Every structure is written in C-alpha cells, then in structure tokens.
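Remarks on the structure that follows.
The values are calculated or read from the model by the stated rules, or taken from the named source; none is laboratory data. These numbers were taken from a predicted model, which means no experiment stands behind them. Heads up, the Cβs are rebuilt from the backbone with ideal geometry, glycines too, and the neighbour counts pull from every protein chain shown. Note: areas computed on protein heavy atoms with side chains; ligands, DNA, RNA excluded. Shrake-Rupley method; radii C 1.70, N 1.55, O 1.52, S 1.80 Å.
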Amino acid sequence: MAMDFEAKKTKQRLLSELDFSSLTSQQKSIFMQRFNVSFRSLFEQLFPLYGHCYDLHYHLKILLQSLIDFQKKKRTVQIKDKSDFWFESNQNVGIAVYVDLLADDLASLIDKIPYFESLGINYLHLMPLYLAPEGNSDGGYAISDYRTVLPNLGTNKDLKDLASALHKKGIRMVLDFVFNHTSDEHRWAEAAKSGDKEYQAYYHLLNEEDAVEYNQTVREIFPQVRRGSFTHLPELNRHVWTTFNSFQWDLNYSNPAVFVAVVDEMLHLILNGCDVLRLDALAFVWKEKGTVCENLPQAHNLIKAFKTCLDIAAPHVVFKSEAIVHHDEVNKYIAADECTLSYNPLMMALLWESLATRQTHLLYQSLERSFQIPEHTNWVNYIRCHDDIGWLWDDAISDRLGINGIGHRRFLNQFYTGQYEGSFAAGVPFQENPINGDCRVCGTLASLAGVEIAIKAGDTVLLDHAIKRIRVLNGINFAMPGIPLLYQGDDLGVLNDDGYLTDPTKAEDSRWVHRKKLIQKDFVLAQDKATPQGKIAQMIREMIQIRKTNSIFAAQAFELVSLDCEHLFAFKRTSGNKILLVIANMSEHPVPLGQSLSNVIGQHSVFNLLDKNEVDLASLDSIKPLDILWLTKS
C-alpha cells in the first residue's frame, strides 16, 4: 500500500512538471494511456535501486520527458504485421549477419533482401554496426557512439532506409543493445579520463584495495586477455571495471543518471527502425561486493525498468535476452515484463554434446527441467552464432547421470578442437584458461560437424556422415518451439577461415575463424547441388519451406518423448488434433526402436514431412544412422 501511495503521489507531481506542448492531442492521448498503465511498474522497479538518491525525482523527470519527446520524432516505415504475438508464428525464421561480411555496407545489404526472401527469412539480426575503436573492438561490442553508424558501413540514413526496405518485405530488424559497457573512446569515458567527476560516476572507478576485493569473487571472462576484471588507469591512478576487455568500461547503474542516459540511447536505436533489441551481457549489469556480480536481483529490476520504458514509448519493440549463464538463471530473464525472447544456449551446447557422445541422456534431462517458459514468450533457438560454444549444463544433472562435469567439458573441448582421436570436428579453442585448462570452442557449423575433415581426407563416408549431422541439427532446430536462427554462412555450408591469423587486430580472437567474409564463390558453391555446400544449402531451404507451410510448427504445446534408447532424441508438439513427432538418431548406426510409435501419435499410418513418404509405424522398427523424422498424422 505504501508503495502504491508513493507511486501515485510521485506520478501526479511529475505530470505537473512535464512538457507535452510538442505533442498533438492524439499523440498525448496515446502516450497517457501507456503512461497510466505502466508508471507504477516503472516506479516499483526503480525505487529499490535509487530510492536512497536525493535527486531521484529529478532523474525521473528527465527520463519521462525523453519518453514524451520521443513520440514526436519521425519513424521509419513500420512492418505491416502488428500482431502482439508475432514471435509465436511458424513463419518466423531468422539469420544473424555482419553487414560487411555479407555485403559491403548498409546500402548494398538492401540488394541481399531478395536472397533473404528466397531463403524464407523474416527476422534479420544485424551484428553491431555502430562507431567502435579501430582494430580490436570485440567484434563491434565496444561501442564508442550509439548514435553513429561505422563510416565504412554507411550512415544513420542508410540504416533507416534498410529498415524501411526490410519492413516492406515483412522482415523484422534486430539490433544489439549493448548496455553493460561502452568503449573507452565513448564521450562519457573520454570525459571521465579528463577528470570530469560527473562522468567518472558513470563508471566503476576504484582504488586498488577495492578492486582486489571484488576480484576475489568475480569470474574471469577472457583470461587470455587480462587477469581479473579491472584495468589500471595511470592518468587517474584508479582501476576501472572491465568485465570483458580493457577497452570496454562497465557502466555504473547504481547511478540513476546512467540509467536515464542509456534509455535515451536505446530510444535512438529504435528510431533507426529496429523491432527487437538484443540485450547484450545483461547478467553483468549490477555489481555488489562479495558476490559474483552476475544475475543479481537488481539486474532484473533494471531490465524490467528498461522494458517498462519500452512499453510507454515504443510497445511494438521487444527485448531478446543474451544470458550465456547457468540455465536456471537464463530462464529468470524470460517474462512478459522482462525479455519476451531469449537465446537458448543450453539446447545449442547439448546438441553438440549429443553428437560427440552419441548419447542423449544429458540433453533430455536438461531440457525437461529448463525448456518450459511463460506464456507468450519464446526461445530463439540456434546451432551456431557469432560467439563461441560453452558447455553450460547443470553439474547437478550430470552428476546424477554419473558424468563428471569437469572431465566431460575437457573431453568436449578436446573433441571439438580435433585433439581427441576419432573426432570429426575441426574447431578452434577460444580463451583457454592457463590455470584450469578450461576453454570454449569456435568454428562454423560445417567444420564442427565434420565437413572440413571429410573433404581434406577425401572420404565420402565421412562426408555423408557430416552432412547428415547438419541435417539432424537443423531438423531439431527448425522443429523446436521458438524462432530458429541461422548464422551467416551456415546456410551456405561455409568452412572455417583461418585468414584472421594474418590480421594483428583479430589474430588473438579465434572467433573470427567463423566470421568469414562471404564472397560470390560461396553462393555459387551453394547453388551447385553436387557440392557439399549445395547439398547443405538445399537441405536448409527445404526444411524452412516445410516449416513455413505447416501450422503445426506454431504449436505451443511441447513434450519430450522418451524412446528408452540412449542414441535417440524425440519430442512431440500438439495443436488441437494436429501432432508433430520428431525423432533424431545422434549416432552413425541404425538404432532399433524398443517400442511402437503408434501410441505416441495415435494412429498406425503417418506422413514424414521431410521425405514426403507415408510411414507404417507398425513396421518401423529402427531409425537410420544420423536420420531425423518429422512425422505428422496422415
């Protein structure tokens, strides 16, 4: 009751001080409808963070005025599909691209729209494209100016033109919202370095004693780059918090001025035409001494406050969570009042684990516990992304299965970097920890699945297995509830590119092995069905078209199906009397079925969407090597 009273009182005081003169009566009416619905939520999220700040009222006024002023600014052409739950449709298929690795710049990326259309893409994630330091910028995630496009990519107008062109074709545009940190070249950081006390309070500037104390409990993200989480600034004789790289300064959200300033930057991203904002590194945004400084309750307060600002200013935009942390924590960010969408890193990692072990126990047990999320939210499922693969499962689950977590991760790292005898993978280690030997894995889908090694060996059997692994992975990814997301080049079957080793700004970051500049030859190879690339490209296109023409892929009801076999993975989706049963064999051998599938799907004769053949379940006694079935009622 007390919170409700304070929220109402604060709301009335603020309304008397805000300037609505720039808005039309209709704009003001729409704004006030959203404001009246959402203000209490905004107040309830910000008060626990900033209630002790004597100037909170001032910051709230600045914040709300920026939301008001945003209403009068010119927007790009909007997408025609206005449905609230568009992200639940089977029409959704996404791809993540670097502008200059797929095209040359934003203007020439417009010329790729016909390719996206032909592939079936309606969700385009543009990797970071804003001003960043020259040389190493963590792939663009060290942002020097949220409001300026990298000059080699074009201008803000070019980005808006691209957004309009995409929207006219029904394609949503996704941009990164990098709100945990800025680059050390951002104007806020430059002002802090010059001695400006106001902007020094935008970051965590600590003495050595405090930095050492924090380092006792926080984990190292890039141990090959820098030990600990701080970088010493000789000019200030202070240590600045740098979770990732020394040129990426973590923002200090305990200062309400930072939250208000970053909301303003977020609104600018929306003006450029985005429909989804990917919240980068959201788990790290709040710091408390004596904790790991990840996934703290205050981080959720912050994200919910950002979301409420969206609901007031731009309710058509949704958040996508990038939380590459323990899956229990991943799920906590997914909610109608927080992140509508979320990456599914657990499923990605465990699909690769199942291919390496040819066993599905860990995949089953982990998804059974973590896959269910709130109504009207959705997963973004992927096999590969711009980043590395980390092995994120819960050790409590692996312990119950008799799997030693540390030893198993070491095995997977060795397997996927080609250090394990019999491995099919040609991956590259990333950020190997010199203390404990831990690392993550990089590589394209095709190289990790075995295409690269098979081609080098000239072995047709190995190549057949590799292409079937890619079919299994995509078959699961396109059939699971959620938005399937491709990574650039994986739709073309491209292999690892070690050209990054000759570039001093990239040589220390092995993630560039799968960040290949796509050239005409890559597209030509993918058009030739006699090449491995052509077989992969054709397979992916066919799966996408099947998904988009069958409404069962929009079904929200999902159930894991146990077939009592360690090599098989199966699940069922239902919508009314429609059923989709997916069965995948993760091994290179035929696997006998220990039970009839008739009871699972409710009839004896079914249709396999993938090969367009009728299947008599009474006579189906095994699943072929590395095969996947999409079975529906005839």
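Given R₀ = 35 Å, FRET efficiency for Asp328-Thr148 by Cβ-Cβ distance, to 0.05?
Details: r = 39 Å, r/R0 = 1.10.
Step by step, r from the Cβ atoms, then E = 0.35.
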Exercise. Express the accessible area of segment 120-266 per residue in Å², computed with a 1.4 Å probe while the remaining protein chains stay in the model.
Key: 36 Å²
Quiz prompt | Cα centroid separation, segment 444-485 to segment 278-295 (Å) | solution = 35 Å
Self-check item: Nearby lysines by direct alpha-carbon distance to Lys506 (threshold 20 angstrom, same-chain neighbours under 8 apart not counted)
Solution: Lys516, Lys517
Quiz item: Which percent of the accessible area of segment 83-131 is formed by carbon and sulfur heavy atoms (probe 1.4 angstrom)?
Solution: 51 percent
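Net charge within 11 Å of Gly475 by Cβ-Cβ distance, Lys/Arg positive one each and Asp/Glu negative one each, not counting Gly475 itself? The partial results should precede the final answer.
On the way: positive: Lys468, Arg469, Arg471, Arg547; negative: Glu542, Asp627.
Spelling it out: positives minus negatives among the neighbours equals +2.
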Practice problem: Using +1 at the Cβ of each Lys and Arg and -1 at the Cβ of each Asp and Glu in the chain, identify which of Ile544, Ile403, Ile324 lies farthest towards the dipole's positive end. | Solution: Ile544
Self-check item: Helix-derived mean residue ellipticity, 222 nm - over the chain, DSSP H n ≥ 4, -39500 (n - 2.57), to 500
Solution: -11500 deg cm²/dmol
Self-check item: Under 22 Å from Lys80, Cα to Cα: lysines that are on another chain or at least 8 residues apart
Solution: Lys72, Lys112, Lys157, Lys160, Lys168, Lys169, Lys320, Lys548
Exercise. Calculate one ³J(HN,Hα) per residue across segment 192-203 by plugging θ = phi - 60° into the Karplus curve 6.51 cos²θ - 1.76 cosθ + 1.60, and present them in order as whole Hz with x for glycine and proline.
Key: 4, 5, 7, x, 5, 5, 4, 7, 4, 6, 7, 10
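With a Förster radius of 25 Å, plug the Cβ-Cβ distance of Glu432 and Ile519 into 1/(1 + (r/R0)^6) and report the FRET value to the nearest 0.05.
On the way: r = 31 Å, r/R0 = 1.23.
Computed FRET efficiency for Glu432 and Ile519 comes out at 0.20.
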Quiz item: Using the alpha-carbon atoms, what tilt in degrees (0 to 90, nearest 10) does helix 361-370 show relative to the longest principal axis of the chain?
Solution: 40 degrees
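Restricting attention to segment 201-304, which GluC sites (Glu not before Pro) occupy a DSSP loop and are surrounded by at most 11 other Cβ atoms within 10 Å? Let's see the in-between values first.
Numbers: sites: Glu208, Glu209, Glu213, Glu220, Glu235, Glu265, Glu288, Glu294; in loops: Glu220, Glu235, Glu288, Glu294.
Loop-located and lightly packed - Glu235.
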Exercise. Provide the percentage of antiparallel DSSP beta bridges, counting only those with both residues in segment 69-176; round to the nearest 5.
Key: 20 percent
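If contacts are Cα pairs under 8 angstrom and at least 6 residues apart, what is the relative contact order of segment 102-229 in percent? Write down the numbers at each step before the final one.
Working: 137 pairs, mean separation 27.7, N = 128.
Relative CO of segment 102-229 lands at 22 percent.
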Practice problem: Collect residues whose amide H, placed 1.01 Å from N in the peptide plane, falls under 5 Å from the amide H of Ser587; neighbours closer than 5 in sequence don't count. | Solution: Leu626
Practice problem: Can you tell me the relative contact order of segment 162-271? Whole percent, Cα pairs under 8 Å, sequence separation 6 or more. | Solution: 27 percent
Exercise. With unit charges on the beta carbon (Lys/Arg positive, Asp/Glu negative), name the residue among Leu362, Ile519, Met32 whose Cα is farthest towards the positive pole of the charge dipole of the chain.
Key: Met32
Quiz item: Rounded to a whole number, what % of the accessible area of segment 1-80 do carbon and sulfur atoms account for, probe 1.4 Å?
Solution: 54 percent
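Which percent of the accessible heavy-atom area of segment 501-634 goes to carbon and sulfur, probe 1.4 angstrom? Each step should come with its number before you reach the end.
On the way: 3250 of 6260 Å².
Roughly 52 percent, rounded to a whole number.
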Quiz item: How high is the relative contact order of the chain, in percent, counting Cα pairs under 8 Å that sit 6 or more residues apart?
Solution: 12 percent
Quiz prompt | the chain: angle of helix 460-479 to the longest principal axis, Cα-based, in degrees nearest 10 | solution = 50 degrees
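Report, in debye and to the nearest 20, how large the dipole of the chain comes out about its Cα centre when Lys and Arg carry +1 and Asp and Glu carry -1 on their Cβ. Walk me through the numbers on the way to the answer.
Details: 63 positive and 78 negative charges, 393 e Å.
Computed charge dipole of the chain: roughly 1880 debye.
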Self-check item: Centroid-to-centroid separation of segment 144-209 and segment 501-565 [C-alpha atoms, Å]
Solution: 30 Å
Quiz item: Leu401 to Asp196: FRET efficiency via 1/(1 + (r/R0)^6), r the Cβ-Cβ distance, R0 51 Å, to the nearest 0.05?
Solution: 0.40
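Taking only protein heavy atoms into account and a 1.4 Å probe, give the accessible area per residue of segment 318-386 in Å². Display every interim value, and only then the final one.
Numbers: 1850 Å² over 69 residues.
That works out to 27 Å² for each residue.
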Quiz item: Hey, got a sec? Which trypsin sites (Lys or Arg not before Pro) in segment 476-545 land in a DSSP loop and have at most 15 other Cβ atoms within 10 Å?
Solution: Lys517, Lys529
Quiz item: Which residues does a label at Gln595 reach in segment 350-388, if reach means a backbone N under 19 Å from a point 7 Å past the Cα toward the Cβ?
Solution: 360-369
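Once you order the gyration tensor axes a ≥ b ≥ c over the Cα atoms, which shape class does segment 456-509 get: rounded for a/c under 1.5, otherwise prolate or oblate by comparing a/b with b/c? Display every interim value, and only then the final one.
Numbers: a/c = 3.73, a/b = 1.33, b/c = 2.81.
It is oblate, given that a/c is not under 1.5 and a/b is not larger than b/c.
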Quiz item: Taking only Cα atoms, what is the 0 to 90° angle, nearest 10, from helix 25-50's long axis to the longest principal axis of the chain?
Solution: 90 degrees
Quiz item: How large are Rg and Dmax for the chain when only the alpha carbon atoms are used, in Å?
Solution: 25.0, 78
Quiz item: Where both residues lie in the chain, what percent of DSSP beta bridges are antiparallel, nearest 5?
Solution: 60 percent
